[in-house]
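Let me begin by presenting the structure, written as structure tokens, before commenting on it.
The values are calculated or read from the model by the stated rules, or taken from the named source; none is laboratory data. Computed from a prediction, not measured in an experiment: that's the story for all the values here. Positions of Cβ are backbone-derived with ideal geometry, glycine not excepted, and every protein chain shown enters the neighbour counts.
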Amino acid sequence: VPFIANSDSDRKAMLARVGVGSLDELFADIPAAHRFPKLDLPEPLSEMEVVREVESMAALNLRASSSAWFLGAGCYWRFTPAVVGAIASRGEFLTAYTPYQPEVSQGTLQAIFEYQSMAARLMGMEVVNASHYDGATALAEAVLLSGNHTGRREVVLPAALHPEYRQVIESYCAAFGYSFVEFDGDPKTAKPGDSTACVVVQLPDFEGRIWDLTGLADAAHAAGALLVVHVDPVYAALFKCPGELGADLATAEGQSLGNAMNFGGPFLGMMGATNKLVRKMPGRIVGEAKDAEGRRGFVLTLSAREQHIRREKAVSNICSNQGLSMLQACVHMAAMGKAGLRAVAELSWHKAHYAASLVAKAPGFSLMPGEFFCEFVVRTPRPAAEIVERLESRGVVPGLALSRYYPERTHELLVCVTEMCTKAQIELLASSLEEAVR
Amino acid sequence: MNLHPEKLIYELSSPGRQAVALPRLDVPETAIPKALLRADNGLPELDELTVVRHFTRLSQKNFSIDTHFYPLGSCTMKYNPKVNEKLASLPGFTDAHPLVSDAHAQGSLELIARLQEYLAELGGFSGVSLQPAAGAHGELAGVFMIRAYHLSRGDAKRDKMLIPDSAHGTNPATCTMAGMRTVTIPSAEDGGVDMAALKAELDETVAGIMLTNPNTLGIFERNIEEIAKLVHAAGGLVYGDGANMNALAGVLKPASVGIDVMHYNLHKTFSTPHGGGGPGAGFVGATPALADFLPGPVAREREGRYELFMPARSIGRLKSFYGNFGVLVRAYAYVRMLGASGMRRVAENAVLNANYLRVLVEGSYKLKYTRRCMHEFVAMGDVAEGIHTLDVAKRLIDLGFHPPTIYFPLIVPEAIMIEPTETEDKEALDEFAAALIRIAEEAKTNPDLLKKAPTTTPVGRLDEVAAARCPVLCYRG
């Protein structure tokens, strides 16, 4: 059996030392009638065979790297420099666990501290935790935090919030009688009242639109509510970030910072807060500390918020963090740096706007109005799902047919353009769309 | 271990440096509205070699499974096969988008569907979801399902969850997130659930019980069938916390002894790497009565094609998309390499290794429960006057071992919770036991060695109290 070190003679010696005659005897406490059941699993494979089998499965998937790729909608095809994988695949990071013993975990702890530092600046927040499962759960936890902080149970959400995020928020809030009020389009039309726990803004929203949020924080605070801004971290590298917009809580999907699409996970939930809220914030947090000789080190801190100390009074049940995904984001932010991540945002903006201008000229296609960053909605002359199906198998993935989430929105396509799309691919998109409806 | 102080990334930053060059803009520019722009995104500026050296040096300040014996109790720090990493990084998976049509994701969907099937078989469950991103997330799914089940029957008064004091710490916090009250059930003399205390709580408000089995004492709950019968008779359900499934896979199907819904941690039993804290992956399995409530979407095969669907009365989504797919690839490869016989060998060797280690150290360390253990056992670190578990743990570091889990479970004073796993060989166990025995001696003869430990690490013991009192959580340069 692979990965089991001991030989039969080792086992024999060990059993003798334990004082039992056989391995089976070690399981005497297990109800005899159910002990050692027959298992219907396929025969074991060698390493060579499992590689063959899994490679053949992977080959069945459509790959962004071999297509002209314009599908985003919460999961982004973006550039990751080689250093990210080289560092994250080091066994010292990959096969360590939660840094409960700080003296032998300073690598992980300092990396978390650096992630917190860079992410805090990127989002403009005073403090950032060591991460959540993904953007959707980070946002759901921010909503729960807002409810617990304000004692209120109404949440104001954008109608154009990512539909899956909306569903996750509803799942997380199921036991506490929350009600949800929507605003359409411009967040400044949100009307927080005296039962509002928080106003949530997604920036850019699910349809790619961006908004000037000046004054929104004041309006939320005047009503006694918190402002929660869920931001695309690449957007925040160029445009006003949640902190500058007055957010009390910021969340983000950090997948596009050095994490592959991976068919939807693992992703990286980012959460930042003002200092005022830090002791109510869920998740692991690392802080600076000193040893007896005055040397700087890092420790898990403020753990009185967490489940292993507070049990049923903890602010959340979250126990792990997305350690490796967070490390990848950390190395990515360090490697891309100030200018690199800004350049990614600029390339995405210009390429997306170029793509939009070409698509708008295609007969029968038109753009939805409004300012956007790198995703935009196109009205299509034929059902968008048909166009997608037609083009997908020709190596052009033109975007998301919105009917996937909104059955009635049959003629709308959400197109995403990142720095990965070349001019030739953008032109191919426009010509392919034209052809697909001809 | 790298003992040299390593600067922070911001301390290495210098204006004008850049590691990564991006392609030139190849399309016409479009003006960006100035009012929306920010002045400075605050990220550091470094060249590529500096980034690589910095993070490589940081990595050398870690103990890890690849470098050290890492016997954290209840964490199952087994070897993480390298082939898993190779497979998880296949471009067919890493470059796969979750929102392509099912027809273009057949590889991913097949892998999910097959893994669902294998893991269901190991537990004896009929419905499975791989959506949870971690063990605690799987617990959340399970407790939401129990809540939804009772509500679906018009039974709104069941808001009390029973939790033995030997359960994992996440269990009570999970119940709070599902709006439930928790009642702690004490342990009996033998380390199992106190049956009288359990019976006293079984009324019409009981939603269920959350049972970690083997529990955090490393002891198998022998009354499991009786407990399930009593809880079911009272109208409650039985949740199985499968964090310790490494002792049971191939040995017992939890559903066969009355578990209704259960999670496993794929980063424990199924060998996926812990990554310094995650990402993990959760599996949640359920018996027929609860399967319709599973979180979704989940995968299934229909007429030779794989597809996603939402269970009929699903508690909904618990994260975006379909789970931590990259972690599922690793778990899939592991189960395929082991098969049925391999899974049983894993449990057997994990339990043998734990018992062997227990016997080696029991002359030097007190054990609150001397029964034969499963995959882990709990010793006590107060081996001499004035010596605490923390001192023993820190001295272990100087002798080249990652300490076990300490001060948990809470019900054992000065707890040292040791889980060697099946992937360690006899020599590693012998060396670790010898170190523990040596430390117990040193505690009497030269306690300073323990009190001043560790001395072989980049930093000594850190002042955690001061760190929490005036928190510094970001670089402040």
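Scanning the range A:312-323 for residues that are under 22 Å from B:P279 (Cα atoms) and either at the interface with chain B (Cβ under 8 Å from one of its Cβ atoms) or surrounded by 23 or more Cβ atoms within 10 Å (Cβ to Cβ) (or both) returns A:A314, A:S316, A:N317, A:I318, A:C319, A:S320, A:N321, A:Q322, A:G323. Does B:A393 satisfy being within 14 Å of chain A (Cβ to nearest Cβ), part of a helix (DSSP H, G or I) and surrounded by fewer than 21 Cβ atoms within 10 Å (Cβ to Cβ)? Here the answer is no, as B:A393 does not meet what is asked. Against the list (1) in contact (Cβ under 8 Å) with a residue 24 or more places away in the chain; (2) within 30 Å of B:P403 (Cα to Cα); (3) in contact with an Asp or Glu (Cβ under 8 Å, 6 or more places away or on another chain), the condition B:T67 fails is (1). Under the condition of being under 22 Å from A:A424 (Cβ atoms) and either surrounded by fewer than 21 Cβ atoms within 10 Å (Cβ to Cβ) or touching a Cys at 6+ places or on another chain (Cβ under 6 Å) (or both), the residues counted in the range A:368-393 number 4.
The condition of being more than 30 Å from A:T80 (Cα to Cα) and at pLDDT 95 or above holds for only one of A:P363, A:P398, that being A:P363. A residue that is surrounded by fewer than 24 Cβ atoms within 10 Å (Cβ to Cβ), at pLDDT 95 or above and of a type in the set (F, W, Y) can be found somewhere in the range B:63-79.
Within the set B:Y369, B:Y332, the sole residue that is under 20 Å from the mean Cα position of the chain (by Cα) and either more than 11 Å from every other protein chain (Cβ to nearest Cβ) or modelled with pLDDT of 95 or more (or both) turns out to be B:Y332.
Residues of the range B:408-440 that are modelled with pLDDT under 95 and in contact with a helix residue (DSSP H, G or I) (Cβ under 8 Å, 6 or more places away or on another chain): B:F408 alone. Kindly indicate the residue of the range B:431-477 that is in a helix (DSSP H, G or I) and in contact with a Phe, Trp or Tyr (Cβ under 9 Å, 6 or more places away or on another chain) and also nearest to the other protein chains (Cβ to nearest Cβ) among those meeting that condition. So, considering only residues that are in a helix (DSSP H, G or I) and in contact with a Phe, Trp or Tyr (Cβ under 9 Å, 6 or more places away or on another chain), the one nearest to the other protein chains (Cβ to nearest Cβ) is B:A467. Counting only helices (runs of 4 or more DSSP H) that fall entirely inside the range A:1-117 and contain at least 3 residues that are more than 7 Å from chain B (Cβ to nearest Cβ), within 40 Å of the chain's Cα centre (by Cα) and not basic (K, R), the qualifying elements are A:47-58, A:82-88. Can you tell me how many residues in the range A:118-139 are more than 18 Å from A:P266 (Cβ to Cβ), more than 7 Å from chain B (Cβ to nearest Cβ) and buried (at least 24 other Cβ atoms within 10 Å of the Cβ)? Total meeting the criteria: 3.
Considering each residue of the range A:306-319 in turn, none proves to be farther than 30 Å from B:S13 by Cα, modelled with pLDDT of 95 or more and of a type in the set (A, V, I, L, M). Looking only at residues of the range A:305-333 that are part of a helix (DSSP H, G or I) and without any contact (Cβ under 8 Å) to a residue 12 or more places away in the chain, we find that the one that is nearest to B:C175 (Cα to Cα) is A:E312. Kindly indicate whether any position in the range A:239-252 is touching a residue at least 60 places away in the same chain (Cβ under 8 Å), surrounded by fewer than 24 Cβ atoms within 10 Å (Cβ to Cβ), more than 19 Å from the chain's Cα centre (by Cα) and closer than 29 Å to A:R311 by Cα. For the range A:239-252, residues touching a residue at least 60 places away in the same chain (Cβ under 8 Å), surrounded by fewer than 24 Cβ atoms within 10 Å (Cβ to Cβ), more than 19 Å from the chain's Cα centre (by Cα) and closer than 29 Å to A:R311 by Cα: absent. The residue list A:E288, A:E293 contains one member that is of a type outside the set (A, V, I, L, M, F, W, C), buried (at least 23 other Cβ atoms within 10 Å of the Cβ) and closer than 26 Å to B:P5 by Cβ, which is A:E288.
Considering (1) modelled with pLDDT of 95 or more; (2) facing chain B (nearest Cβ under 7 Å); (3) assigned to a helix (DSSP H, G or I), the lone condition that A:G297 does not fulfil carries the number (3). Scanning the range B:26-85 for residues that are among the aliphatic types (A, V, I, L, M), over 25 Å from A:P99 (Cα atoms) and not in a loop (DSSP other than H, G, I, E, B) gives B:A35, B:L36, B:L37, B:L49, B:V83. When we screen B:P132, B:P164 for residues that are more than 11 Å from chain A (Cβ to nearest Cβ), touching a residue at least 40 places away in the same chain (Cβ under 8 Å) and under 26 Å from B:E376 (Cα atoms), the only hit is B:P164.
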